[in-house]
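A short reminder: the numbers here are calculations on the coordinates, not readings from a lab. Note that this is a predicted model, so its numbers are computed, not measured. When we count neighbours, we look across all protein chains shown, and the Cβ atoms used for this are built from the backbone with ideal geometry, even at glycine.
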2 protein chains.
Amino acid sequence: MSKCEQCIIRQFNALKALQKDDLVRLSGCKTTRTIKKGEVIFEEGVHVNGVFCVKEGVCKLSKLSSNGKDQIVKLVVRGDLLGQRSLISDEAANLTAVAVNDMQVCFIPKHEIIHDLSTNINFSMDMLKDMADELKLADNVIVDMAQKSVRQRLAETLVYLKNNFGEDANGFLNIMLTRDDYANIVGTATESAIRIISQFKKEGLITTEGKKIKIEKIEDLIRVE
Amino acid sequence: MSKCEQCIIRQFNALKALQKDDLVRLSGCKTTRTIKKGEVIFEEGVHVNGVFCVKEGVCKLSKLSSNGKDQIVKLVVRGDLLGQRSLISDEAANLTAVAVNDMQVCFIPKHEIIHDLSTNINFSMDMLKDMADELKLADNVIVDMAQKSVRQRLAETLVYLKNNFGEDANGFLNIMLTRDDYANIVGTATESAIRIISQFKKEGLITTEGKKIKIEKIEDLIRVE
DNA sequence: AACAAAACCTGATAATTATCATATTTTTTT
DNA sequence: AAAAAAATATGATAATTATCAGGTTTTGTT
């Protein structure tokens with residue numbers, strides 16, 4: 001079992017504010033878990049009772065709308081914490097977390113996090129900053145959802161994925177999502193997402209190879225109307 | 001000039017966590033301002049350099065989309081703080097704040113808030129909880145925007161206004177918004193908002209008197225498809 | 001009270017997006 | 001390797017929403 005005080009992942013999230021003795025304590029009570037692609041990490045409405053620190057892999061946070069469709073609200077990546085929102089509000093999860101690819105996560109029990117939050121002002125300030133940043137991003141997503149076309153939102157999503165996940169040696173996006181995922185990110189029907197991706201291909205903005213997508217003209221994608 | 005330590009408004013926000021001596025200090029450096037309906041409190045992109053505590057009135061937080069339309073992201077009411085998000089992230093405002101009706105606000109300089117945040121763990125935890133709650137609301141708005149029809153969103157907005165602002169002696173909503181505001185809350189064209197409000201009238205879900213709206217059948221509004 | 005400006009309203013039409021149907025391809029399972 | 005299941009694709013059509021154009025009503029100002 002790896003040790004928190006030697007783990008570099010914490011540099012990417014609020015846990016970086018903790019001192020060595022706190023990290024040693026966390027190491028003692030944390031559990032490490034491997035999660036398979038497609039596996040549910042937690043579901044909307046359940047009490048998570050802790051926080052996950054994502055060591056490897058990506059998961060999607062989504063919510064089931066009353067029309068029966070899932071809306072993906074956020075992608076959580078290596079280095080992110082998962083479940084802090086519910087923990088801080090002390091309530092059941094508002095979103096469902098599902099692994100997009102194989103993951104490795106550490107689970108830190110609620111009690112430990114609460115202890116650090118209420119004794120370490122650097123930690124709680126870091127958490128506060130993270131939450132403020134997330135809120136800004138969420139506000140911007142609201143504006144996009146409300147004001148931009150499906151085509152624009154899908155183009156933006158592709159640009160976002162390139163900027164945040166990068167590309168492999170062959171230029172393909174370093175993350176593979178299904179067309180259904182794309183639809184659930186931009187909030188449209190699966191067929192519509194498929195159609196627009198096909199259009200982007202025809203227009204030479206992207207090329208694809210199965211689920212893999214390569215962005216060919218990012219400037220044009222950014223300018224999509 | 002009123003005194004923070006005697007002001008009941010702070011019970012409604014994170015300032016309730018402050019002790020008397022801190023409140024006395026705040027009293028000394030805060031400024032009280034009257035803001036007229038329609039007046040801009042701060043604009044997207046400017047550094048606010050402090051936090052507003054809303055003593056009276058309502059303001060809308062909106063963002064200009066690239067298509068030239070404003071999207072209203074949130075209504076800020078009596079008792080709420082305004083500007084905390086930008087302050088915590090230490091960056092320019094992401095949203096524009098405009099008074100929906102006449103307001104009274106107190107402005108507390110950034111330095112003072114930061115001081116309290118970094119020394120008073122109860123205060124920073126309260127702020128963290130508020131931010132977590134806001135993030136949850138924002139996530140839910142994203143889902144609604146992405147998955148519900150304009151008609152559903154408008155119905156939901158009316159229900160929300162009734163629940164959060166109540167009604168006057170004659171049963172009219174205790175907040176008056178323009179049709180343009182409604183359009184900018186649900187993210188649609190002004191004409192579309194007007195049309196749907198007219199439909200709701202025809203269907204007997206609401207009645208109106210100028211800008212004043214009375215909700216007649218809230219159960220049916222909740223069930224709008 | 002008269003005027004101007006802003007807000008509201010409605011019809012006609014166009015554009016966008018969803019839905020349904022069906023076929024093909026890819027992936028997973030046996 | 002074959003079969004089954006899931007994902008992708010595309011056409012036809014319907015539903016939703018935006019846009020433009022022209023009104024009327026309300027509000028604010030002089």
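Key figures for this structure:
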read-out	value
Subset of the range A:56-90 [at the interface with another protein chain (Cβ under 9 Å from one of its Cβ atoms), farther than 14 Å from A:GLY187 by Cβ and in contact (Cβ under 8 Å) with a residue 12 or more places away in the chain]	A:LEU61, A:GLN84, A:ARG85, A:SER86, A:LEU87, A:ILE88
Residues located in the range A:49-81, provided they are part of a loop (DSSP other than H, G, I, E, B) and surrounded by 21 or more Cβ atoms within 10 Å (Cβ to Cβ)	A:VAL58
The one condition in (1) away from chain A (no Cβ under 12 Å); (2) under 29 Å from B:ALA17 (Cβ atoms) that B:ILE121 fails to fulfil	(1)
Which listed residue is in a helix (DSSP H, G or I), more than 14 Å from chain B (Cβ to nearest Cβ) and more than 10 Å from DNA strand D (Cβ to nearest atom), from A:ASN164, A:ASN184	A:ASN164
Which numbered condition B:LYS212 fails, given (1) more than 13 Å from DNA strand C (Cβ to nearest atom); (2) more than 17 Å from B:CYS59 (Cα to Cα); (3) away from every other protein chain (no Cβ under 14 Å)	(1)
Qualifying position, being of a type in the set (S, T, N, Q), surrounded by fewer than 16 Cβ atoms within 10 Å (Cβ to Cβ) and within 21 Å of the chain's Cα centre (by Cα), among A:ASN164, A:ASN170	A:ASN164
Residues of the range B:187-225 that turn out to be in a helix (DSSP H, G or I) and of a type in the set (D, E, K, R), as a count	6
Exclusive hit being in contact with a helix residue (DSSP H, G or I) (Cβ under 8 Å, 6 or more places away or on another chain) and more than 10 Å from DNA strand D (Cβ to nearest atom), set A:GLU225, A:GLU219	A:GLU225
Filter result (within 10 Å of chain A (Cβ to nearest Cβ) and of a type in the set (A, V, I, L, M)) within the range B:94-116	B:LEU95, B:ILE114
Pairs where the first residue, in the range B:187-201, is away from chain A (no Cβ under 13 Å) and the second is part of a helix (DSSP H, G or I) and near DNA strand D (Cβ under 6 Å from one of its atoms), C-beta under 6 Å, 6+ apart	B:ILE196/B:ARG151
Filtered residues of the range B:186-219 (kept if exposed (fewer than 15 other Cβ atoms within 10 Å of the Cβ) and small (Gly, Ala, Ser))	B:ALA189, B:SER198, B:GLY204, B:GLY210
Residue tally, condition crowded, with 23+ Cβ neighbours inside 10 Å and not in a strand (DSSP E or B), over the range A:94-112	1
Any hit, the range A:128-142, residues being within 16 Å of DNA strand D (Cβ to nearest atom) and part of a helix (DSSP H, G or I)	yes
A:ASP168 vs. criteria of a type in the set (D, E, K, R) and within 21 Å of B:LEU135 (Cβ to Cβ)	no
Where A:LEU158 falls short, out of the listed (1) crowded, with 19+ Cβ neighbours inside 10 Å; (2) within 14 Å of chain B (Cβ to nearest Cβ)	(2)
Any hit, the range B:171-180, residues being within 12 Å of DNA strand D (Cβ to nearest atom), more than 30 Å from A:ALA93 (Cα to Cα) and either part of a helix (DSSP H, G or I) or within 9 Å of another protein chain (Cβ to nearest Cβ) (or both)	yes
Subset of the range A:129-149 [acidic (Asp, Glu), crowded, with 21+ Cβ neighbours inside 10 Å and within 7 Å of chain B (Cβ to nearest Cβ)]	A:ASP139
Looking only at the range B:82-93, and only at residues there that are among the hydrophobic types (A, V, I, L, M, F, W, C) and part of a loop (DSSP other than H, G, I, E, B), the one that is nearest to the chain's Cα centre (by Cα)	B:ALA93
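Yes/no per residue for (1) within 12 Å of DNA strand C (Cβ to nearest atom); (2) farther than 19 Å from B:VAL143 by Cα:
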residue: A:ASN170; (1), (2): no, yes
residue: A:MET176; (1), (2): yes, yes
residue: A:ASN184; (1), (2): yes, no
residue: A:LEU205; (1), (2): no, yes
